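The values are calculated or read from the model by the stated rules, or taken from the named source; none is laboratory data. Just so we're clear, the structure is a prediction, and the values are computed from it rather than from any experiment. Every residue, glycine as well, gets a Cβ built from its backbone with ideal geometry; the counts of neighbours run over all protein chains shown.
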Amino acid sequence: MNIVLKATTYRILAILVFYFFAPCITWAQIPAGIPLLSGKIDALKYYSEGKPSATVKQVAVKGQPFAKALQISSPGGTGSDGLYGNINKNLRKGDVLWISFSTRSLQSKRETGESFVELRVDQLVNGKYVWPPHLERGISFGEEWTKTSIPFILTKDVQPEDVRIVVRFDSYPQKFEISPITLINCGQNVSLNDLPKTVVKYDGSEPDAPWRKEAEERIEKYRKGDLQIRIMDDAGKPVKGVEVTANLKRIAYNWGTAVTSERILDTANVDMKMYRDTLARYFNQVVFENEMKWKNWVNQKEETKGLSTLRALRWLRTKNLTARGHVMVWPSWKNSPSYLKEFKHDKEALRSAITESIKEQANVMYGQFAEWDVINEATLHHDFMDILGREEMKTWFDTARASAPGVKLFLNDYTMFHNEKASNSFYENAKFLVDSKASIDGIGEQAHIGGTPPGIPFVLKRLDKFAQLGLPIIITEFDINSDDNDFKANYLKDFITAVFSHPATTGLLQWGFWEGAHWFPSAALWNKDWSIRPNGRVYTDLITRKWHTCFEGTTPDSGQCLIRGFCGEYDVTVRYKGKTYTRQTILKNEGNTVIIQIKSDENN
């Protein structure tokens with residue numbers, strides 16, 4: 001064997017060994033360079049600006065390349081609780097740094113079911129934080145140990161006293177574990193692409209995953225129909241050579257987003273014009289983010305209650321956007337008006353307050369909503385049911401039906417794609433309502449996605465499970481809380497493709513779309529300056545290109561054009577010998593035929 005071939009063979013073997021055994025050979029994953037942290041478990045210390053509220057302790061770890069971890073129990077809140085540490089070397093502009101650690105969630109109150117930390121490499125001036133940080137990354141993680149590796153380039157010279165490593169705890173209560181943090185200066189002759197980088201993988205992310213072909217087949221079967229356009233003269237004969245266009249005006253699927261009436265009605269702010277224009281162009285349904293929640297509803301003045309929402313709804317109708325109401329009953333003390341606690345030991349007063357609130361909202365907003373979430377998050381928020389009984393949920397739905405006839409009523413929750421226990425609890429609540437013949441018309445799943453998302457086959461499996469109840473399913477609050485642009489773009493495409501393909505679903509709403517008005521700015525589709533992000537590009541390409549129908553053709557001898565198009569509302573235009581004819585029609589899955597008659601004197 002010649003030397004070159006021998007060396008190549010050894011290199012291939014080394015790559016194969018690394019590929020198959022890398023999780024065990026931890027030194028092979030650590031780049032060469034100068035360590036900036038000690039590597040010990042106590043390199044970062046717990047810090048709180050106020051009274052310490054979290055508990056931090058060292059615990060032993062088995063089956064991982066580190067022997068100890070910090071276990072943190074944090075009650076959440078809006079403070080600056082976290083782990084803080086300092087580096088021990090000077091750094092230069094252009095240095096390539098690599099940071100890595102592992103985490104796992106033990107408990108979390110987040111709607112994704114995951115824990116969350118914010119990793120920052122802060123810039124300090126005279127010991128005080130100055131924006132922007134050198135690195136900022138939100139990291140979500142589930143119950144399995146998850147490794148995070150991030151390479152980045154330093155943009156200025158830094159002395160040890162001018163930088164701080166921060167792992168900030170979430171605003172939601174959580175309990176998690178974190179390994180020692182590795183931070184290395186790899187120098188200036190290293191490419192970011194040469195360093196280990198966390199790539200978020202999930203079941204079904206493979207390009208040849210079987211679910212992809214199956215989803216495309218379902219979309220073709222369930223989301224499209226045959227539109228036949230026949231051009232006849234007044235003698236009933238087909239007309240050849242007629243120009244025909246058929247444009248999908250509104251797809252028979254709800255692509256929605258959360259909004260506020262304040263932004264829709266603001267005509268002074270230039271950003272709000274872009275907000276409205278983007279909303280009208282890329283969405284066909286909205287849900288009001290907070291203003292219809294009971295806790296906020298009661299804080300409005302009686303004489304003007306709901307007026308801003310009603311004004312916004314008038315504008316939405318001019319753009320052919322429908323609206324969802326959210327939410328009548330969020331059955332916990334925390335998420336309801338504080339005065340309800342007075343009725344904690346008075347069942348009848350509590351029961352009456354809830355039903356009267358449902359009636360009031362339905363009266364003020366009569367005829368405004370196409371859909372309405374009657375109950376929100378009953379899986380984990382059940383204070384009211386604990387007092388009044390589970391059967392009271394049926395009463396709330398029946399009261400909503402009597403007060404808001406014609407509106408589709410939903411049970412909304414966020415655990416459909418969580419672990420089996422949480423998901424089944426949601427299912428059992430929905431099944432109870434169906435079995436008790438409550439006035440329920442649909443199931444809403446929020447689908448807030450974190451850094452360790454549910455696999456696509458699992459998503460489809462759970463949709464199959466809930467579809468057994470015979471109710472339509474809507475994804476009501478979708479977002480992806482991550483700073484990894486590649487992951488967000490890839491997962492958004494896969495998730496909404498899978499959801500769109502499932503015949504039980506009727507829509508998907510995102511919980512915001514613009515960075516300047518999003519509860520998780522990193523999840524937005526557009527940046528604050530309105531430049532579109534990769535995940536936004538994926539979304540707009542799907543709904544305006546791939547899942548859109550725009551036909552242009554000319555009738556043959558048969559006088560007809562056959563179009564395989566997406567179901568929805570169509571504008572049909574016919575041009576012949578200087579004359580134009582227009583029709584509006586609706587294409588359903590079973591198909592439709594449009595006959596347009598041309599007068600004989602115009603056909604000579």
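Report those helices (runs of 4 or more DSSP H) wholly inside the stretch 364-449 carrying at least 3 residues which are touching a Cys at 6+ places or on another chain (Cβ under 9 Å) and closer than 21 Å to residue 507 by Cβ.
Result: empty, no element qualifies.
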Check your understanding: Out of the stretch 90-115, which residues are within 30 Å of residue 187 (Cα to Cα) and surrounded by 15 or more Cβ atoms within 10 Å (Cβ to Cβ)?
Key -> 91, 95, 96, 97, 98, 99, 100, 101, 102, 103
**Study point:** Complete set of residues in the stretch 447-466 that are surrounded by fewer than 24 Cβ atoms within 10 Å (Cβ to Cβ) and either over 24 Å from residue 147 (Cβ atoms) or touching a helix residue (DSSP H, G or I) at 6+ places or on another chain (Cβ under 6 Å) (or both)
**Key:** 456, 457, 460, 461, 462, 463, 464, 465, 466
Review point. What do you reckon, is residue 426 crowded, with 22+ Cβ neighbours inside 10 Å and closer than 18 Å to residue 327 by Cα?
Key: yes
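The rows are residues; the columns are (1) in a loop (DSSP other than H, G, I, E, B); (2) at pLDDT below 95.
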{"residue": "104", "(1), (2)": "no, no"}
{"residue": "111", "(1), (2)": "yes, yes"}
{"residue": "119", "(1), (2)": "no, yes"}
{"residue": "123", "(1), (2)": "no, yes"}
{"residue": "147", "(1), (2)": "no, yes"}
**Study point:** Test result for residue 547, buried (at least 17 other Cβ atoms within 10 Å of the Cβ), farther than 30 Å from residue 237 by Cα and of a type outside the set (S, T, N, Q)
**Key:** yes
Point to revise | Hits in the stretch 503-557 - residues which are of a type in the set (S, T, N, Q), part of a strand (DSSP E or B) and touching a Phe, Trp or Tyr at 6+ places or on another chain (Cβ under 6 Å) | key: 510
Study note, to complete from the structure: Matching residues in the stretch 280-305 (in contact with a helix residue (DSSP H, G or I) (Cβ under 8 Å, 6 or more places away or on another chain) and farther than 25 Å from residue 330 by Cβ) number 1
Study note, to complete from the structure: Of the conditions (1) assigned to a strand (DSSP E or B); (2) of a type outside the set (Phe, Trp, Tyr); (3) under 17 Å from residue 496 (Cα atoms), the single one that residue 563 does not satisfy is (3)
Study note, to complete from the structure: Of the candidates 165, 153, the one satisfying the condition of being in contact (Cβ under 8 Å) with a residue 40 or more places away in the chain, within 23 Å of residue 41 (Cα to Cα), touching a Leu at 6+ places or on another chain (Cβ under 9 Å) and among the β-branched types (Val, Ile, Thr) is 165
**Study point:** Search result, residues across the stretch 450-486 that are assigned to a helix (DSSP H, G or I), among the aromatic types (Phe, Trp, Tyr) and over 14 Å from residue 202 (Cα atoms)
**Key:** 466
Study note, to complete from the structure: How many residues of the stretch 527-543 are loosely packed, with under 14 Cβ neighbours inside 10 Å and among the hydroxyl-bearing types (Ser, Thr, Tyr)? The answer is 1
Practice item. Consider only pairs whose beta carbons are under 6 Å apart and that are at least six residues apart or on different chains; among these, list those whose first residue lies in the stretch 111-129 and is under 12 Å from residue 84 (Cβ atoms) and whose second residue is among the acidic types (Asp, Glu) and surrounded by fewer than 23 Cβ atoms within 10 Å (Cβ to Cβ). Key: 120/136; 124/162; 129/122
**Study point:** Filter result for the condition that a residue is in a helix (DSSP H, G or I), among the charged types (D, E, K, R) and either in contact (Cβ under 8 Å) with a residue 24 or more places away in the chain or within 16 Å of residue 258 (Cβ to Cβ) (or both), over 311, 317
**Key:** 311
Point to revise | Hits in the stretch 452-471 - residues which are at pLDDT below 95 and either in contact with a Gly (Cβ under 8 Å, 6 or more places away or on another chain) or among the hydrophobic types (A, V, I, L, M, F, W, C) (or both) | key: 452, 455
Study note, to complete from the structure: If we ask which residues in the stretch 329-345 are over 18 Å from residue 355 (Cβ atoms) and of a type in the set (A, V, I, L, M, F, W, C), their number turns out to be 0
Check your understanding: For residues in the stretch 267-285 being free of Cβ contacts under 8 Å to residues at least 60 places away in the same chain and surrounded by 15 or more Cβ atoms within 10 Å (Cβ to Cβ), which is farthest from residue 325 (Cα to Cα)?
Key -> 272
Practice item. Check whether at least one residue in the stretch 345-358 is within 30 Å of residue 249 (Cα to Cα) and in contact with a strand residue (DSSP E or B) (Cβ under 7 Å, 6 or more places away or on another chain), and report yes or no. Key: no
Review point. In the stretch 202-259, which residue that is touching a Phe, Trp or Tyr at 6+ places or on another chain (Cβ under 7 Å) and of a type in the set (Lys, Arg) is surrounded by the fewest Cβ atoms within 10 Å (Cβ to Cβ)?
Key: 249
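So that you can scan it fast, the table gives a plain yes or no per residue for (1) closer than 27 Å to residue 253 by Cα; (2) polar (S, T, N, Q):
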position: 269; (1), (2): no, yes
position: 277; (1), (2): yes, no
position: 283; (1), (2): yes, no
position: 288; (1), (2): yes, no
position: 294; (1), (2): no, no
position: 297; (1), (2): no, no
position: 300; (1), (2): no, yes
position: 309; (1), (2): yes, yes
**Study point:** Qualifying positions in the stretch 554-570 - exposed (fewer than 14 other Cβ atoms within 10 Å of the Cβ) and within 30 Å of residue 284 (Cα to Cα)
**Key:** 564
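Give 431, 421 a once-over and let me know the one that is surrounded by fewer than 17 Cβ atoms within 10 Å (Cβ to Cβ), within 26 Å of residue 370 (Cα to Cα) and among the basic types (Lys, Arg).
Answer to the check: 431.
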